[in-house]
1. Can you find a residue that is touching a helix residue (DSSP H, G or I) at 6+ places or on another chain (Cβ under 9 Å), in contact (Cβ under 8 Å) with a residue 12 or more places away in the chain and not hydroxyl-bearing (S, T, Y) anywhere in segment 73-84?
2. Across segment 52-68, which residue is surrounded by the fewest Cβ atoms within 10 Å (Cβ to Cβ) among those that are under 14 Å from the mean Cα position of the chain (by Cα) and modelled with pLDDT of 90 or more?
3. Mind checking which pairs have a first residue in segment 161-190 that is at pLDDT 75 or above and a second that is among the acidic types (D, E) and in a loop (DSSP other than H, G, I, E, B), Cβ under 8 Å, 6 or more apart or different chains?
4. Could you list, in sequence order, all residues of segment 70-111 that are β-branched (V, I, T), surrounded by 14 or more Cβ atoms within 10 Å (Cβ to Cβ) and over 19 Å from L51 (Cα atoms)?
5. Answer yes or no as to whether E214 is more than 30 Å from K92 (Cβ to Cβ), at pLDDT 80 or above and loosely packed, with under 10 Cβ neighbours inside 10 Å.
6. Can you tell me which residue within segment 70-91, out of those that are in contact with a Lys or Arg (Cβ under 6 Å, 6 or more places away or on another chain) and modelled with pLDDT of 90 or more, is nearest to T112 (Cα to Cα)?
7. Would segment 70-82 turn up any residue that is in contact with a Phe, Trp or Tyr (Cβ under 9 Å, 6 or more places away or on another chain) and closer than 12 Å to I124 by Cα?
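The values are calculated or read from the model by the stated rules, or taken from the named source; none is laboratory data. What you are looking at is a predicted structure, and each value in this text was computed from that prediction instead of being measured. Quick reminder, even Gly has a Cβ in these numbers, built from the backbone with ideal geometry, and neighbours come from all protein chains shown.
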Amino acid sequence: MAKKLLLYFILFTGLVVSSAFIFEEGKMDLLLYALKRQTESLPQEKVHLQLDRVHYVQGDEIWLKAYIVNAERNEPTALSKVLYVDLIDQDKIIKERLTLPIKEGKANGSFTIPDVLPSGTYRIRAYTTYMRNFDDAFFFEKAILIGNAGQAQQVDGQVVEAADLQFFPEGGALVNEVESVVGFKAIGIDGLGKEASGYIVDNTQNKVAEFETE
């Protein structure tokens with residue numbers, strides 16, 4: 001009798017667990033279906049922007065190329081026809097704005113950095129009007145440095161001329177954890193090449209590479 005009761009208990013427990021699993025699996029399928037329907041009815045876009053560099057001085061031209069795609073399929077968007085690109089200062093004030101036409105999911109353009117713009121760290125932000133209906137997680141944002149082309153710096157009692165450093169990764173881009181060759185050039189405020197040397201540190205201030213003009 002005891003063995004029969006134990007067997008019935010095991011069977012009953014198994015049925016309860018199976019039912020619970022089927023219920024949870026069914027609930028998950030329902031959630032996935034609802035998410036798919038929402039994605040289909042409210043597709044989202046995302047933007048990726050390529051800049052010619054990340055260090056500029058006053059008066060420089062910022063050249064950019066944008067790719068606007070469907071966030072789910074990574075295909076060129078068919079929703080938006082206009083891309084907005086903002087240059088934002090540290091006080092979150094928009095200093096410059098571009099309005100660019102989107103053709104087949106692409107846009108390109110440039111804007112000139114005003115000569116009176118203070119030096120410092122700025123943000124480039126790119127988005128479409130449609131994207132503003134959702135969370136800004138798909139907005140493109142990138143920090144750039146803008147320096148004063150005519151400003152000299154005092155270092156160890158010697159006046160050092162400001163220079164524009166430009167870096168050129170082999171293949172056009174750096175890939176994390178892949179060793180790459182990077183060329184560079186240093187341009188003075190007179191537009192001529194300058195001798196320069198330095199080193200690159202990681203986010204923990206450890207030196208990872210050195211460079212020097214030939």
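1. yes
2. K65
3. Partner pairs satisfying both residue conditions: A186/E195.
4. If the condition is that a residue be β-branched (V, I, T), surrounded by 14 or more Cβ atoms within 10 Å (Cβ to Cβ) and over 19 Å from L51 (Cα atoms), then T77 is the only one that fits.
5. Spelling it out, it is not the case that E214 is more than 30 Å from K92 (Cβ to Cβ), at pLDDT 80 or above and loosely packed, with under 10 Cβ neighbours inside 10 Å.
6. Out of the qualifying residues, it is L87.
7. No: segment 70-82 contains no residue that is in contact with a Phe, Trp or Tyr (Cβ under 9 Å, 6 or more places away or on another chain) and closer than 12 Å to I124 by Cα.
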